[in-house]
Amino acid sequence: ALWVLAVCGAFSLTAPARADVVTDWNELTFRVSLIGGAPAQNAGRVAAIVQAAVFDALNAIDRRYTPIHVDPPDSCLGASRPTAVVQAAYEILSRVYGATATAANQQPTLDGRYTASLADIRSRERPASVDEGIACGHEVATGIWNWRSADGFSTPLPPFVGVAAPGQWRSTPTDPYPGAPQPMSSLQYATMTTW
């Protein structure tokens, strides 16, 4: 599914904004990741996090599917669907591509799109529904962010100890860093190599 997002993002770089806030913010996700200079594996991960937040925000209102991670909060009942989408996507993207040390600051772009999106939505929907959509999107985005922030992706690798020359033996860490994949035991290795 990630390749579909990448293809859609590539085609949407020159496409005009559409009335569908999901595709608009999906397009913006790829645009700010390219401008922000994110490596491809990071951009794909961020797109997945954004879309998980968008899905769970919409699902929190409609309650038709099993959530990806965030159980539907009661505050989402009656909320504006487009507002919840905009809020969820905006919050995740702001945390990644806003004023951070790891990416070029895309906060002015995100703020501009957020303001324009909410102005458009407010012109068509009840103020209370929009306010509920903001609260819903915020709650879901926070839940998704907290979940994915603890997934080990950002865990620093241990320092390399050994020789980097070709053909030289490299030791396996005996005390892996927290969240590191555990090395195979000799029994697991022997079992794997006897197949």
- Residues of the stretch 53-64 being farther than 17 Å from Glu27 by Cβ and open to solvent by less than 10 Å² (accessible area, probe 1.4 Å), in sequence order, are Asp56, Ala57, Asn59, Ala60
- Item | Subset of the stretch 114-142 (residues that are surrounded by fewer than 21 Cβ atoms within 10 Å (Cβ to Cβ) and within 18 Å of Thr23 (Cα to Cα)) | Tyr114, Thr115, Ala116, Leu118, Ala119, Asp120, Ile121
- Note on the structure: Restricted to the stretch 28-52 and to residues being surrounded by 17 or more Cβ atoms within 10 Å (Cβ to Cβ) and at pLDDT below 80, the residue nearest to Arg148 (Cα to Cα) is Ala38
- Message: Conditions first: (1) free of Cβ contacts under 8 Å to residues at least 40 places away in the same chain; (2) part of a helix (DSSP H, G or I); (3) of a type in the set (Gly, Ala, Ser). Ala53 passes all but one, so which condition is the exception?
- Response: (1)
- Look through Tyr90, Tyr65 and report the one residue that is over 13 Å from the mean Cα position of the chain (by Cα), closer than 22 Å to Glu132 by Cα and among the aromatic types (Phe, Trp, Tyr). Tyr65
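Inside the stretch 65-80, can you point out the residues that are assigned to a helix (DSSP H, G or I) and either crowded, with 24+ Cβ neighbours inside 10 Å or touching an Asp or Glu at 6+ places or on another chain (Cβ under 8 Å) (or both)? Full working, then the answer.
From the stretch 65-80, those assigned to a helix (DSSP H, G or I) are 74-76; that's our starting set.
Across the stretch 65-80, the qualifying residues are Ser75, Cys76.
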- Result of the Cβ filter at 9 Å on the stretch 81-101, keeping first residues that are farther than 17 Å from Ser154 by Cα and touching a residue at least 40 places away in the same chain (Cβ under 8 Å) and partners that are among the basic types (Lys, Arg) and open to solvent by 20 Å² or more (accessible area, probe 1.4 Å), at least 6 apart or interchain, is Pro82/Arg124; Thr83/Arg122; Val86/Arg113; Tyr90/Arg113
- Which pairs have Cβ atoms under 7 Å, sit 6 or more apart or on different chains, and link a residue in the stretch 13-27 that is modelled with pLDDT of 90 or more to one that is assigned to a loop (DSSP other than H, G, I, E, B)? Asp24/Ala17; Asp24/Arg18; Glu27/Ala15
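Does Ser171 count as modelled with pLDDT under 70 and either more than 22 Å from the chain's Cα centre (by Cα) or open to solvent by less than 50 Å² (accessible area, probe 1.4 Å) (or both)?
Criteria met by Ser171.
Run down Ala104, Ala99 and say which single residue is touching a helix residue (DSSP H, G or I) at 6+ places or on another chain (Cβ under 6 Å) and not in a helix (DSSP H, G or I).
Values: Ala104 fails: touching a helix residue (DSSP H, G or I) at 6+ places or on another chain (Cβ under 6 Å).
So the residue among Ala104, Ala99 that is touching a helix residue (DSSP H, G or I) at 6+ places or on another chain (Cβ under 6 Å) and not in a helix (DSSP H, G or I) is Ala99.
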- Within the stretch 71-91, track down each residue that is modelled with pLDDT of 95 or more and over 13 Å from Glu125 (Cβ atoms). Gln87, Ala88, Ala89, Tyr90, Glu91
- Note on the structure: Selection over the stretch 40-70 where residues are touching a Lys or Arg at 6+ places or on another chain (Cβ under 7 Å) and basic (Lys, Arg) yields a count of 0
- Message: If I ask for residues that are touching a residue at least 40 places away in the same chain (Cβ under 8 Å) and in contact with a Phe, Trp or Tyr (Cβ under 7 Å, 6 or more places away or on another chain), which ones from the stretch 102-143 would you list?
- Response: Ala103, Gln106, Leu110
- Out of the residues in the stretch 143-167 that are modelled with pLDDT under 75 and polar (S, T, N, Q), which is nearest to Val46 (Cα to Cα)? Ser154
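The values are calculated or read from the model by the stated rules, or taken from the named source; none is laboratory data. Since the model is a prediction, treat every value here as computed from it, not as a measurement. In this analysis, Cβ positions are derived from the backbone assuming ideal geometry, glycine residues included, and neighbour counts consider all displayed protein chains. These accessible areas exclude ligands, DNA and RNA; they are computed on the full protein's heavy atoms, side chains included. Shrake-Rupley method; radii C 1.70, N 1.55, O 1.52, S 1.80 Å.
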